[in-house]
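Some notes on the structure that comes next.
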Amino acid sequence: MPIEEYSVSPTDYTFIQNAKIALVNKCLKDLGSDYSLPSMGDPVIQASRRYGIMDYETASKYGYHMPPEEPRADGDANSLSADEQRLIFGELVKGEPRGRVPSGGCYGEAESVINGSNVPDSAISFASQVNGKSFEDSLKDPRLVKINKKWARCMAREGYEYETPMQAVSDSKFQKGDPGEEERRVAMADVNCKDATSLIEIWSEIESERQVGMIQENVDLLNRLKAFQNLQKRNALKVITTPGG
């Protein structure tokens with residue numbers, strides 16, 4: 001999708017987060033804490049489900065369910081003690097003096113270093129809106145309505161009555177428990193019918209058209225977002241390459 005030009009890749013996200021974690025751990029050490037946050041592991045890149053199930057092999061194994069996540073080597077950063085919460089996030093008990101704990105805790109301080117002082121909230125929000133609105137608008141496009149009917153006829157020939165791929169993936173009988181044989185068969189038929197009708201390619205083209213229009217009308221706003229993301233990466237690189245964090 002065109003709006004992805006203004007998003008952070010999984011690799012860059014992991015790099016930026018690890019720089020923040022390095023800053024947090026240095027801050028914790030300076031405050032006399034023995035605790036340290038674990039670094040993030042390798043970037044997790046999940047297959048898109050924007051248009052429902054799109055991969056036959058995944059459909060044959062898991063139906064409409066998401067494949068199980070690979071074990072990560074990040075450790076558990078969720079079970080923090082009250083004191084660790086206080087130092088990392090600045091969550092002080094009412095009336096407790098802040099002392100040497102930075103405003104927002106060590107993590108808040110790390111965010112300030114990486115993000116700088118001018119976070120483009122409006123640009124971040126707009127990019128998210130583009131991603132959502134293009135999808136919503138595409139559902140009403142006559143071209144998609146037409147191709148969905150072709151997909152539905154294909155599914156009917158396989159013995160399944162669904163009007164759209166979104167209706168199939170949201171079927172309540174596929175929402176609970178492990179994927180059963182029927183779910184896998186429906187998901188495989190779904191993928192085959194998408195391939196036979198070129199549904200994914202057509203749907204993607206429709207969405208791309210809408211995104212390009214919104215981007216062109218707001219290019220200055222989105223360029224501020226891109227500049228912010230580049231600043232984050234530069235600041236993260238400084239942290240990672242500076243001895244001692």
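The values are calculated or read from the model by the stated rules, or taken from the named source; none is laboratory data. Note that this is a predicted model, so its numbers are computed, not measured. Backbone-built Cβ (ideal geometry, glycine too); neighbour counts: all protein chains shown. These accessible areas exclude ligands, DNA and RNA; they are computed on the full protein's heavy atoms, side chains included. Shrake-Rupley method; radii C 1.70, N 1.55, O 1.52, S 1.80 Å.
Assorted remarks:
- Residue-level accessible surface for S39, protein heavy atoms, 1.4 Å, Å²: 70 Å²
- Under the convention that each Lys and Arg Cβ holds +1 and each Asp and Glu Cβ holds -1, the size of the dipole of the chain around its Cα centre is about 420 debye.
- Once the Cβ-Cβ distance of Q216 and K149 is raised to the sixth power relative to R0 = 45 Å, the FRET efficiency obtained is 0.90.
- Largest GNM mean-square fluctuation among V186, V219, V130, using the chain with Cα springs under 10 Å: V219.
- Rounded percent of accessible protein surface that carbon and sulfur make up, the range 1-63, 1.4 Å probe: 50 percent
- Heavy-atom accessible surface of the range 113-177: percent carbon and sulfur, 1.4 Å: 51 percent
- Taking each DSSP H run with n ≥ 4 as -39500 (n - 2.57) and averaging over every residue of the chain yields -19000 deg cm²/dmol at 222 nm.
- Rolling a 1.4 Å probe over the protein heavy atoms gives the chain an accessible area of 59 Å² per residue.
- Residues in the range 226-232 carry Karplus couplings, in order, of 4, 4, 5, 5, 5, 5, 4 Hz; the curve used is 6.51 cos²θ - 1.76 cosθ + 1.60 with θ = phi - 60°, and Gly or Pro positions show x.
- Residues F174, F135, F15 ordered from highest to lowest accessible area at a 1.4 Å probe: F15, F135, F174.
- Shape analysis of the range 193-232 places it in the oblate category; the axes a ≥ b ≥ c from the Cα gyration tensor give an a/c of at least 1.5, with a/b not above b/c.
- The residue among I16, V212, P38 whose Cα reaches farthest toward the positive pole of the charge dipole of the chain, with charges on the beta-carbon of Lys, Arg, Asp and Glu, is V212.
- Ignoring the sites themselves, the chain has its longest run without trypsin sites (Lys or Arg not before Pro) in a DSSP loop having at most 12 other Cβ atoms within 10 Å at 1-71.
- Pairwise centroid distance, computed over Cα atoms, of the range 170-243 with the range 1-20, Å: 13 Å
- Helix 121-138 axis, angle to the chain major axis (alpha carbon atoms, nearest 10°): 10 degrees
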